[in-house]
Amino acid sequence: MMNFKEGEVLCFDKPLTWTSFAVVNKIRYHLCRRMGVKKLKVGHAGTLDPLATGVMIICTGKATKRIEEFQYHTKEYVATLMLGATTPSYDLEKEIDATYPTEHITRELVEETLKKFIGSIEQIPPAFSACMVDGKRAYDLARKGEEVNLKPKTLVIDEIELLECELPVIKIRVVCSKGTYIRALARDIGEALDSGAHLIGLVRTRVGEVKLEDCMQVEGFAEWLEKQEIETINE
């Protein structure tokens, strides 16, 4: 028996191009409709960019109090980087703005360079991010063409593993702490290789104990919900 008002934790594989906000809205819509209520608290534990897919934890009702707890869990990503070119957003949201040589880059150099990012590192968040600057979202300012100056944050990278290396494209697995921007990591790896880099693919494969294979598809949620026994709410 599920009680979405008392609080349930649901895990989804966020679809490509969807904002995290859109996923929450969709889930809230189906829940309210199924429960016959006008409103219900629903929130997510950690934003994923529209161009990323993977584990998204959604909390309902009183379980929204656990959002912060989930946000602090270690996260694992599989990121695909294109070396030799940068974009203002550090991913495919924006067009390439500069290109760099990659002839000097070898698999050995990539492996050596990745090791430098393991441990506690300082990272400047992307201008195209949800960080607050003077009470406004950085991405709102960046999209208007305004200059955004963000301060570096200290974060921890537990593991980086090179999964594939078909230069100029590399695929890496990253295990990291809350607040790590994989797009910014791509930028920094590009610079450390005396080149440039941007993200061309990103999947969040794990949040804490929740793995991608434990997640349901947003498209299948309404059908799944129909099959659940739900505690009815007496308003």
Between Thr80 and Asn149, what is the label-point separation in nm under the 7 Å Cα-to-beta-carbon projection? 3.8
Tell me which chymotrypsin sites (Phe, Trp or Tyr not before Pro) from region 24-121 have a DSSP coil assignment and no more than 14 other beta carbons within 10 Å of their own. Tyr72
So for the pair Ala192, Leu16, with labels modelled 7 Å out along Cα→Cβ, what separation do we get in nm? 2.8
Given the options Tyr29, Ser89, Ile67, identify the residue whose Cα lies farthest towards the positive end of the charge dipole of region 1-97 (+1 on Cβ of Lys, Arg; -1 on Cβ of Asp, Glu). Tyr29
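Using a Förster distance of 25 Å, how high is the FRET efficiency between Asp158 and Glu112, based on the Cβ-Cβ distance and rounded to 0.05? Before the final figure, lay out each step's value.
Values: r = 19 Å, r/R0 = 0.74.
Once the sixth-power term is evaluated, E becomes 0.85.
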Which whole-number value in Å³ per residue fits the convex hull of the alpha carbons of region 75-207? 101
In whole Hz and in residue order, list the ³J(HN,Hα) couplings for region 149-159 that follow from phi through the Karplus curve 6.51 cos²θ - 1.76 cosθ + 1.60, θ = phi - 60°; x for Gly and Pro. 10, 9, 7, x, 10, 8, 9, 10, 10, 7, 8
Relative contact order for the chain: what percent, with Cα pairs under 8 Å and sequence separation of 6 or more? 30
When the helices in the chain are scored as -39500 (n - 2.57) per DSSP H run of 4 or longer and the sum is shared across all residues, what 222 nm value do you end up with, to the nearest 500 deg cm²/dmol? -6500 deg cm²/dmol
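Report the local net charge at His73: Lys and Arg +1, Asp and Glu -1, summed over other residues whose C-beta lies under 13 Å from its C-beta.
On the way: positive: Arg66, Lys75, Lys178, Arg204, Arg206, Lys211; negative: Glu68, Glu69, Glu76, Asp158, Glu209.
That sum, taken over residues with Cβ under 13 Å, equals +1.
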Just to confirm my numbers, what's the Cα centroid distance between region 30-92 and region 117-186 in Å? 16
State to the nearest 20 debye the size of the charge dipole of region 75-207 about its Cα centre, where the only charges are +1 on K and R beta carbons and -1 on D and E beta carbons. 640
Please list, by residue number, every one of the GluC sites (Glu not before Pro) in region 114-170 that is coil in DSSP and has at most 14 other beta-carbon atoms within 10 Å. Glu146, Glu147
Summing +1 for each Lys or Arg and -1 for each Asp or Glu, what net charge is found among the other residues whose Cβ lies under 12 Å from the Cβ of Cys165? -3
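Could you work out the local net charge near Leu92, counting Lys and Arg as +1, Asp and Glu as -1, over the other residues with Cβ closer than 14 Å to its Cβ?
Values: positive: Lys94, Arg183, Arg187; negative: Asp49, Asp91, Glu93, Glu95, Asp97.
Taking every Cβ under 14 Å from that of Leu92, the sum is -2.
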Taking 0.36 nm per residue of separation and subtracting the Cα-Cα distance, what length does fully extending Asn25 through Ile96 add? 22.4 nm
Expected sort for Ser195, Ser120, Ser177 with the fewest Cβ neighbours (10 Å cutoff) up front is Ser120, Ser177, Ser195
Folded to 0 to 90 degrees: helix 20-35 orientation relative to the chain principal axis, Cα: 10
The chain - Rg and Dmax from Cα coordinates, angstrom: 19.5, 68
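Figure the gain on full extension for Lys227 and Lys211 (residue separation times 0.36 nm, minus the Cα-Cα span) and round it to one decimal in nm. It would help to have the intermediate numbers written out before the result.
Working: separation 16, 0.36 × 16 = 5.76 nm, distance 2.32 nm.
Computed gain between Lys227 and Lys211 is 3.4 nm.
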Filtered trypsin sites (Lys or Arg not before Pro), region 4-78: DSSP coil and at most 10 other beta carbons within 10 Å: Lys38, Lys39
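We did not get these values from a lab; they are worked out from the coordinates using the rules stated. Computed from a predicted structure; not experimentally measured. We place every Cβ from the backbone using ideal geometry, glycine too, and count neighbours over all the protein chains shown.
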